[in-house]
Amino acid sequence: MTAKPTARRARRGGGARTAFDRQALIDQLTRSDGGLEDILAKSPRDLTEAEVRQVADRRLALPAGAEKETLDRFERAFYDDTYGTDLADADETGRIVAPAARRPINAAPVPARTIDGVDLSRAIGRLAERVADISETQGPRDAVRFLQRGLTILNQAATEAADSSGFEDRARPRGPMFQDLADDGDPGPKTRAALRTAAARLGSAKIEEALALGHFEAALRGLTGGAPVGGLREATSASFGELFRDPATNDPQTPTEEGESLQMTVNDLGKVLLGPRGFTALREDGIIGPKTEAALSRVLKAAGPRRLTETMGRNLGFFLFEPPKPGRRTLLQSATGIMPGGNFGAI
């Protein structure tokens, strides 16, 4: 991905600007906590033996629990990739012979990079700018909540996809990338570590998609709390629209990718939760109007915001965890030359 900075974007939806310290938020999200967190953001294949020992030292000092299991998987991924998984050989006396490395081991630490080849610190800086953009109208605490919720959804989906695929990459630890985040709006060490790990393993575009899902779930929570359903189109567009097209092309009467995916989501869940007699399928034309709003209101009550958001992400193709395609547009790149919806086929 050849990402380049873009100018700060005005958020759609007519929201007023929120006064906050933009640079302070960016500094919080990009702050390196050093040591182990920087190591865990790397691929196990890139580690030095000294870095692996730091992981082991931390693991041995922990009580039994999820964090200890995560570190154990990370260590195991390094050793499996370096030495293989075959049974150890024995000499003529029956003593175990130390295995030989199947590949060179880094002697000096290397910088962490995302799976799409971008320096991780640079990628995190750009993603922090995106969170700050949303904070302009939503406020920094809510914007960070969007990120936290989205990262948790992404983490769970990536774990489920890896577990169900049966494919094992020895250079990647199995299991969750991190423990589920509390959506408290605090860009603290756990949120920063999760952001770095997810960006490194899945790429910047997946974090943007996660941020959009977190934004969308917040809108759904607002609807369950009594917010008028009439703002559904604007809320859906504000969450996902910029992933697919330039904001200047937004037209209420034009079909959109997120509109069609929302209708697919309502239909999928409506059939399951309300039954064929209790639910009439929507026409999936990509235009969010009164019929879509009414159907969404019924399905949302039955499914809840999280399940509906997860299904929306699946229908948008956000949970297809393939290697990023070179040149794929993200919000960290220029929209020049991208037709409305032109990026949808690449997801």
> Considering only helices (runs of 4 or more DSSP H) fully contained in segment 236-347, which possess at least 2 residues that are more than 30 Å from GLU129 (Cα to Cα) and either modelled with pLDDT under 85 or not aliphatic (A, V, I, L, M) (or both)?
Replying inline: 257-274, 290-303
> For segment 156-187, what are the residues that are within 24 Å of ARG122 (Cα to Cα) and modelled with pLDDT of 95 or more?
Replying inline: LEU181, GLY185, ASP186, PRO187
> When residues of segment 55-82 are filtered for being surrounded by fewer than 17 Cβ atoms within 10 Å (Cβ to Cβ) and closer than 15 Å to ASN106 by Cβ, how many remain?
Replying inline: 1
>> Please go through (1) under 30 Å from ARG22 (Cα atoms); (2) modelled with pLDDT of 90 or more; (3) part of a loop (DSSP other than H, G, I, E, B) for ASP116 and return the number of the only condition it doesn't satisfy.
In response: (2)
> Which ones in segment 221-270 are closer than 14 Å to LEU296 by Cβ and among the basic types (Lys, Arg)?
Replying inline: ARG221, ARG233
>> If the requirement is being out of contact with any Pro (no Cβ under 9 Å at 6 or more places or on another chain), within 16 Å of GLU37 (Cα to Cα) and outside any helix (DSSP H, G or I), which of these qualifies: PRO104, PRO99, PRO109, PRO63?
In response: PRO109
> Consider SER135 against the criteria (1) of a type in the set (Gly, Ala, Ser); (2) over 19 Å from ASP184 (Cα atoms); (3) at pLDDT 95 or above: it satisfies all of them except one. Which criterion is unmet?
Replying inline: (2)
> Just checking, which of GLN28, GLN23 is at pLDDT 95 or above and loosely packed, with under 15 Cβ neighbours inside 10 Å?
Replying inline: GLN23
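The values are calculated or read from the model by the stated rules, or taken from the named source; none is laboratory data. Bear in mind that the values here come from a model prediction, so they are computed numbers and not experimental data. Note that each Cβ is placed from the backbone with ideal geometry, even for glycine, and that neighbours are counted across all protein chains shown.
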